[in-house]
Amino acid sequence: MSDPANKKDELVHPLAKPFLWLDAKWLKTSMIWIFGVLTLVFIGADFVHHRHDYIPIAEIPGFYAYWGFGAFVLAVMIGWFVVRGLLERDEDYWDEGGDHD
Amino acid sequence: MIDFPHIEALADVSPAWPVIIGGLIAAAVPNHLLRKVLALLAPILALVLWFNPETIGTYGIIEFGGFTLETFRYDNLSRIWSFVFILAAFINGLYGLHERDRLADASGLIYSGAGLGAVFAGDLLTLFFFWELTAISSVFLIWGARNNAAYKAGLRYLGIHILSGVLLLAGAVIRASETGSWAFGEFWGEGMEGGAVAAGIGLDSLGGWLIFLAFGIKCAFPFMHNWLQDAYPKATITGAVVLSAFTTKLAVYALARGYAGTDILIYIGAVMTAFPVFFAVVENDLRKVLAYSLNNQLGFMVVGIGVGTELALNGAAAHAFVHIIYKALLFMSMGAVLLRAGTVKASELGGLFKSMPATSFFCLIGAASISAFPLFSGFVAKALTLSAVAYEASHGHPELIAIWLVLVFASAGVLEHSGIKIPYFAFFAHDRGLRVREAPANMLIAMGLAALLCVFLGVNYGVLYTLVPFPEVAAQYEPYTFDHIVGQMQLLIAAMFAFTFLVRMGWYPDEKRSINLDFDWIYRRFGDGMVRWAWAMVDRLMAALGNLIAAARAKFGSRMFEAFSPMGALSRDIPSGLLAIWTSALLAIVLLISYIAR
């Protein structure tokens, strides 16, 4: 009897087979470290070479990194707690009024 | 520079015509192969006509009913928009090659041609004609999905876009009666002292405001935007790709021509960049995420037009150009997923890179482009707008610092919904065990071509900068400076770190099978409810009035009966003497009146 997991892997596209490591658990757990270190590297670049910008606040070393991190978290939190929290409805919400969605 | 041969006989033929005529022929041709040849040939013919004019100028002037219609205005602004429209029409034709749908083939071509026609319109009447044609032809790309939801969404879409056309016509008529001119943005590109560009229409009259509103509807301004998120995700697979290219970018073009430097656009655009981010974060339908993302991208262009300097307008035009390509690429990749997996709900997808590696790769290129990673097209385009805003903020307009901060916030937001969410939840994340076939070859070729352009323009940005409205200004701009690359990488990498951090902490919202209400609730539920309530009230009022009239008639009838029936008061036996007295009195009154009247 064939193993269902093996059967599933047989259906993987040949072009995808060299990239199956993208689904590896070690990669998923280490992503936070990879991006953490990279963020520090790019912040560090500001201390090596002073960045010039039209906007004074943007000349603070690492400004874009702080703003990017904060913006991302803020966007997710507002989306989660404000949009989903207040405006989420069942998938068939519009169907109930005969106004299919 | 390559010199293309000039064909004098075709000098007055707008590139819109071969595409529209191709669409009309496709509507009549039952042969699938012939229609597909038309879908590819028509944009190629349009491109030949695009190269035909020797100089900037207005061609294709038609005298009709006392009006002068300018059908082919070839200038620095229409050039870039029309070029990318032609490119998009060709890529769309490739993408839809496998479909056997006469309606889709015809409407796709007519719609693309109408978009081209509107871009080349030199007067408001010609613009109105093509404006409405884009609305009417494109609705079939939604209805083509052939389900009830698409039918209803198509009706709403059509209603809103017809309204936009009516406002445009009303504004044009008012403007013509005031100024005696039907011209559309005749002053654009002149009087550029200090880098400012004079608005072609402006907001100094009622007509100007109505036209602005018409453009705003099509551009999906805040509170007018929901037709976009409502209709595009319900369109056909190819339809959504086609729709993503033309309507909203036509509106951006119209704003650039008519309202460059109009301050209010800066604030409208800033809102447009920010609010869709919050909705896209928790949206489960990935094509709807792209629709929100489209709204966000339009915001950058609108801000650029509002700032109105040469650099900012270059930014808006370059952004529109690259956006059409990478947004189409993202819609194409989601279309391929929908075709193969049968859904684009994030809650039902994941791990598709194992089945659709080429589609995943192209989607990642689209995601990198829209996120503005260096070496991708979004980077070299968005940089122009952000630099223009920052420059103005530091040169006498400090209020623009807040706008600039919003734009940088929105840039991180773009990465969230289009850079990460779309590819991650469709192709990676949790492997749901979906093992489907890779997209059809024609879809892959179309996606490959779009992906190639994303990289080509990101690297060879000089090509893009020669097409923008002010190439001499663009030529002085260098996007790949150390400061710019480091700043952008800080933003993007830190945002990606934030994503991994939130996921690790369990603070990233799960993909759920649900919907989120948006402003369209106002007219789809509240407005609909109000109309139903008002109708019911009118119904009741009419019933009550009917009852009142019936009661009054019954009362009057019974009174009359009481007075005149054989049993009534006037039929009673009364003494003849009394009757004689009353008769005499009546006669006396009659005599008196006739005497006085004489």
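Any idea how many residues of the stretch B:347-382 are surrounded by fewer than 24 Cβ atoms within 10 Å (Cβ to Cβ) and within 27 Å of the chain's Cα centre (by Cα)?
2
What pairs come out if I take residues in the stretch B:400-414 that are facing another protein chain (nearest Cβ under 7 Å) and in a helix (DSSP H, G or I) and pair them with residues that are surrounded by fewer than 22 Cβ atoms within 10 Å (Cβ to Cβ) and among the aromatic types (Phe, Trp, Tyr) whose C-beta lies under 9 Å away, six or more apart or interchain?
Here the result reads B:Trp404/A:Tyr54, each pair linking the stretch B:400-414 to a residue that is surrounded by fewer than 22 Cβ atoms within 10 Å (Cβ to Cβ) and among the aromatic types (Phe, Trp, Tyr).
Select from the stretch A:3-19 the residues that are at the interface with another protein chain (Cβ under 7 Å from one of its Cβ atoms) and at pLDDT below 60 and list them in ascending order.
Those that are at the interface with another protein chain (Cβ under 7 Å from one of its Cβ atoms) and at pLDDT below 60: none in the stretch A:3-19.
So, in the stretch B:396-454, exactly how many residues are under 25 Å from the mean Cα position of the chain (by Cα) and within 25 Å of A:Ala71 (Cα to Cα)?
So the count comes out to 20.
How many residues does the stretch A:44-63 contain that are assigned to a loop (DSSP other than H, G, I, E, B), surrounded by 13 or more Cβ atoms within 10 Å (Cβ to Cβ) and more than 8 Å from chain B (Cβ to nearest Cβ)?
So the answer is 2.
Tally time: how many residues in the stretch B:52-76 are in a loop (DSSP other than H, G, I, E, B), among the hydroxyl-bearing types (Ser, Thr, Tyr) and within 29 Å of the chain's Cα centre (by Cα)?
0
I'm trying to understand the selection: among the residues of the stretch B:259-283, which are of a type outside the set (A, V, I, L, M, F, W, C), modelled with pLDDT under 95 and crowded, with 24+ Cβ neighbours inside 10 Å?
B:Tyr259
Report, by residue number, each residue of the stretch B:341-362 that is more than 12 Å from B:Met443 (Cα to Cα) and not in a loop (DSSP other than H, G, I, E, B).
B:Ala341, B:Lys345, B:Ala346, B:Ser347, B:Glu348, B:Leu352, B:Phe353, B:Lys354, B:Pro357, B:Ser360, B:Phe361
Hand me the list of helices (runs of 4 or more DSSP H) wholly inside the stretch B:191-293 holding 3 or more residues that are of a type in the set (Phe, Trp, Tyr).
By residue number, B:206-218, B:237-259, B:264-281.
Would you check if there is a residue in the stretch B:114-126 being of a type in the set (Asp, Glu), farther than 24 Å from B:Gly60 by Cα, in contact (Cβ under 8 Å) with a residue 60 or more places away in the chain and in the same structural domain as B:Phe64 (by TED's automatic domain parsing)?
no
Just for the stretch B:370-399: of the residues that are part of a helix (DSSP H, G or I) and free of Cβ contacts under 8 Å to residues at least 60 places away in the same chain, which one is nearest to B:Val463 (Cα to Cα)?
Of everything passing the filter in the stretch B:370-399, B:Ala390 is nearest to B:Val463 (Cα to Cα).
If we keep just the residues of the stretch B:284-330 that are among the charged types (D, E, K, R) and touching a Leu at 6+ places or on another chain (Cβ under 9 Å), which is surrounded by the fewest Cβ atoms within 10 Å (Cβ to Cβ)?
Restricting to residues being among the charged types (D, E, K, R) and touching a Leu at 6+ places or on another chain (Cβ under 9 Å), the top hit is B:Arg287.
Per-residue answers, yes or no, for (1) within 11 Å of chain A (Cβ to nearest Cβ); (2) modelled with pLDDT of 95 or more:
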position	(1), (2)
B:Thr385	no, yes
B:Arg435	yes, no
B:Glu438	yes, yes
B:Ile445	no, yes
B:Gly448	no, yes
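Going by the structure shown, is A:Thr39 more than 7 Å from every other protein chain (Cβ to nearest Cβ), without any contact (Cβ under 8 Å) to a residue 40 or more places away in the chain and out of contact with any His (no Cβ under 9 Å at 6 or more places or on another chain)?
Taking the combined requirement at face value, the residue does not satisfy it.
For the stretch B:338-367, give me each residue that is charged (D, E, K, R) and over 16 Å from A:Trp21 (Cα atoms).
B:Arg340, B:Lys345, B:Glu348
On the basis of being within 15 Å of B:Ser418 (Cβ to Cβ), modelled with pLDDT of 95 or more, over 17 Å from the mean Cα position of the chain (by Cα) and away from every other protein chain (no Cβ under 14 Å), does B:Leu286 make the cut?
yes
Please enumerate the residues belonging to the stretch B:547-592 that are in a helix (DSSP H, G or I) and modelled with pLDDT under 75.
Residues satisfying the conditions are B:Ala569, B:Leu570, B:Ser571, B:Ser576, B:Gly577, B:Leu578, B:Leu579.
Pick from B:Phe526, B:Phe519: which is within 30 Å of B:Tyr292 (Cβ to Cβ), among the aromatic types (Phe, Trp, Tyr) and modelled with pLDDT under 90?
After ruling out the rest, the residue left standing is B:Phe526.
Determine whether A:Met31 is out of contact with any strand residue (DSSP E or B) (no Cβ under 7 Å at 6 or more places or on another chain), surrounded by 15 or more Cβ atoms within 10 Å (Cβ to Cβ), facing another protein chain (nearest Cβ under 7 Å) and in a helix (DSSP H, G or I).
For A:Met31, the condition - out of contact with any strand residue (DSSP E or B) (no Cβ under 7 Å at 6 or more places or on another chain), surrounded by 15 or more Cβ atoms within 10 Å (Cβ to Cβ), facing another protein chain (nearest Cβ under 7 Å) and in a helix (DSSP H, G or I) - is met.
Within the stretch B:343-351, does at least one residue satisfy the condition of being within 13 Å of another protein chain (Cβ to nearest Cβ) and in contact with a Pro (Cβ under 9 Å, 6 or more places away or on another chain)?
no
So in the stretch B:213-233, with the set limited to residues that are aromatic (Phe, Trp, Tyr) and crowded, with 24+ Cβ neighbours inside 10 Å, which one is nearest to B:Ile160 (Cα to Cα)?
Across the stretch B:213-233, the extreme among qualifying residues is B:Phe215.
Given (1) touching a residue at least 12 places away in the same chain (Cβ under 8 Å); (2) more than 14 Å from chain A (Cβ to nearest Cβ); (3) of a type in the set (Asp, Glu), where does B:Glu511 come up short, assuming only one miss?
Every condition holds for B:Glu511 apart from (2).
Among the residues of the stretch A:7-43, which ones are over 16 Å from B:Met489 (Cα atoms) and hydroxyl-bearing (Ser, Thr, Tyr)?
A:Thr29, A:Ser30
Being surrounded by 15 or more Cβ atoms within 10 Å (Cβ to Cβ), in a helix (DSSP H, G or I) and outside the structural domain of B:His417 (by TED's automatic domain parsing), is that true of even one residue in the stretch B:528-536?
Checked against the condition, which is being surrounded by 15 or more Cβ atoms within 10 Å (Cβ to Cβ), in a helix (DSSP H, G or I) and outside the structural domain of B:His417 (by TED's automatic domain parsing), the stretch B:528-536 yields at least one hit.
The values are calculated or read from the model by the stated rules, or taken from the named source; none is laboratory data. Bear in mind that the values here come from a model prediction, so they are computed numbers and not experimental data. No Cβ is skipped: glycine too gets one built from the backbone with ideal geometry, and neighbour counts run over all protein chains shown.
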